[in-house]
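Beneath this line is the structure, given in structure tokens, with notes to follow.
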Amino acid sequence: MSLFDKFQQIAAARQPLVERGIRSNVVMEKVISSTEAVINGRHVILAGTNNYLGLTFDPNCIEAASRAVRQQGTGTTGSRMANGSYSDHLQLEQELAEFFGCKYGMVFSTGYIANLAMLSALTGPGDVLLIDADSHASIYDGCRLSGAEIIRFRHNDPDNLAKRLQRLGERTSNTLIVVEGIYSMMGDRAPLAEIAGVKEKYGACLLVDEAHSLGVLGPKGRGLAEEAGVEDSVDFIVGTFSKSLGAIGGFCVSNNPAMEMIPLAARPYIFTASSSPSIIASTRAALKILKARPELRNKLWDNAQNLYQKLQGLGFRLGPEPSPVVAVRVANIDEAIALWKGLLEYGVYVNLVTPPATPDGGCLLRCSVSAGHSPEQIEQIGNGFASLKEVVREAETA
Ligand code: PMP
């Protein structure tokens with residue numbers, strides 16, 4: 001076995017795509033707005049980003065980022081632990097904590113790092129991480145880094161979670177349950193009220209990753225815990241700036257005093273450079289907009305409902321509930337690629353997701369809608385699918 005043999009496996013998994021003419025990642029040749037770009041020389045509507053509130057081109061965010069880069073430079077060139085904590089990082093932490101009504105807030109360089117940092121600092125050998133089986137890769141990687149025992153429970157199944165907690169006996173006090181607000185592939189919400197009830201019954205800790213639900217769910221946009229009315233039962237909320245806030249970065253908010261030790265204990269916080277001043281500035285501006293303009297959330301949901309209904313009406317097999325992530329399930333890779341390429345030619349970009357990234361081993365066309373989409377763009381996305389309906393056998397029989 002050579003060092004490089006493992007790449008043969010990766011290449012083999014990619015081969016079906018290569019054989020069908022998909023050789024590399026899609027390149028955005030030109031980004032025109034939060035919802036339009038040029039791909040393969042074609043002007044397309046972007047329906048495969050995580051730009052839920054459409055803030056990437058917001059003038060206030062752009063102005064804040066521009067001012068920060070002029071005043072504070074392009075990068076911090078250091079860790080939060082050393083020279084990389086500027087007063088703006090701390091202000092954003094305080095603003096996030098206030099927004100969530102929490103005592104503590106921490107900012108990380110990405111959402112991926114936030115999960116790595118929190119899971120690996122909160123748990124270690126001898127502890128238990130009880131995670132939803134469909135968890136994001138950053139949760140799985142955080143589990144590995146922690147060295148804790150990893151136990152998966154069936155996706156969105158509180159009874160299965162309860163069963164596993166019961167088996168743990170006294171170890172529940174050393175157990176961290178991890179779930180997500182909205183799951184990124186199928187767009188389904190966690191049954192958080194039930195999960196919080198189970199958590200309380202067994203005395204474990206609960207961390208919720210609100211990456212796809214911040215700015216999307218809840219009367220104030222705080223996410224699923226707010227929508228479900230269980231914020232008091234959630235010990236740690238993790239999230240990202242790379243979706244509804246239109247930048248890059250991650251955070252954790254909590255009332256748990258353990259937060260005072262995380263900066264000293266979390267290697268992914270300590271051993272990486274902190275976010276650039278421009279990122280922190282645009283994120284602070286975006287958070288203000290998220291708070292001040294609930295109409296963006298309403299528009300996002302109107303767009304989500306409209307696309308979901310249109311695709312459902314066309315007979316496509318979709319994720320279980322309307323959501324800003326509209327997952328179109330396709331039976332096999334040939335149909336998925338034909339549909340994806342056809343949409344691109346029509347002028348619509350969506351994400352093509354193939355195993356092993358999909359939860360059930362099938363293929364997905366993962367659409368995501370934005371408050372930035374106009375009703376005409378949503379109509380156009382739906383029309384793109386309608387024009388390709390015959391490509392997907394499943395749609396005819398659904
Ligand atoms: N958690 C979840 C549930 C995600 O979907 C993602 C990104 N897709 C992340 C964390 C990582 O976020 P980031 O892009 O900020 O690293």
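Just so it is clear, none of the values below were taken in a lab; they were calculated from the coordinates. The model shown is predicted, which means the values in this text are computed figures rather than measured ones. Here Cβ is always computed from backbone atoms with ideal geometry, including for glycine, and neighbour counts include all displayed protein chains.
Structure above, values below:
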item: Distance between modelled label sites at Gln15 and Asp232, nm, 7 Å Cα→Cβ extension; result: 5.8 nm
item: Table column - 3J(HN,Hα) (Hz), segment 86-102, Karplus curve with 6.51, -1.76, 1.60, x for Gly and Pro; result: 9, 4, 5, 4, 5, 5, 4, 4, 5, 5, 5, 4, 4, 4, 8, x, 10
item: Segment Asn255-Lys163, extension gain: residue separation times 0.36 nm, minus the distance between their alpha carbons; result: 30.3 nm
item: Efficiency of FRET between Phe57 and Asn174 - r from beta-carbon atoms, R0 51 angstrom, step 0.05; result: 0.65
item: Least to most buried among Thr358, Thr74, Thr123 (fewest other Cβ within 10 Å first); result: Thr74, Thr358, Thr123
item: Cα gyration tensor shape for segment 26-141, rounded if a/c is under 1.5, else prolate or oblate; result: oblate
item: Of Lys243/Lys291; Lys163/Lys220; Lys220/Lys299; Lys341/Lys389, pairs whose Cα-Cα distance is over 24 Å; result: Lys163/Lys220
item: Extension gain, Arg67 back to Arg154 (0.36 nm per residue minus Cα-Cα distance, nm); result: 26.6 nm
item: The chain: relative contact order as a whole-number percent, Cα under 8 Å and 6+ apart; result: 22 percent
item: Using distinct alpha-carbon pairs, which all enter the 1/r mean, Kirkwood radius of segment 59-292 in Å; result: 17.7 Å
item: Mean ellipticity per residue at 222 nm, deg cm²/dmol - from DSSP H runs of n ≥ 4 across the chain, formula -39500 (n - 2.57); result: -12500 deg cm²/dmol
item: Cβ-derived FRET efficiency at R0 51 Å, Ser2 paired with Asp360, nearest 0.05; result: 0.90
item: Separation in nanometres of the label points that stand 7 Å from Cα toward Cβ, at Asp302 and Ala331; result: 3.8 nm
item: With at most 16 neighbouring Cβ atoms within 10 Å, loop chymotrypsin sites (Phe, Trp or Tyr not before Pro) (DSSP) excluded, longest segment of the chain; result: 5-270
item: Residues whose placed amide H lies under 5 Å from that of Val348, excluding near-sequence neighbours; result: Ile45
item: Along principal axes, Cα extents of the chain, largest first, whole Å; result: 56, 55, 52
item: Virtual spin-label span in nm between Asp141 and Lys30, 7 Å along Cα→Cβ; result: 3.4 nm
item: Extended-chain gain in nm, criterion 0.36 nm per residue less alpha-carbon gap, Ser387 and Lys291; result: 30.7 nm
item: Built amide H within the under 5 Å cut-off of Leu318, gap 5+; result: Arg329
item: Qualifying GluC sites (Glu not before Pro) in segment 1-96, DSSP loop, other Cβ atoms within 10 Å at most 16; result: Glu29
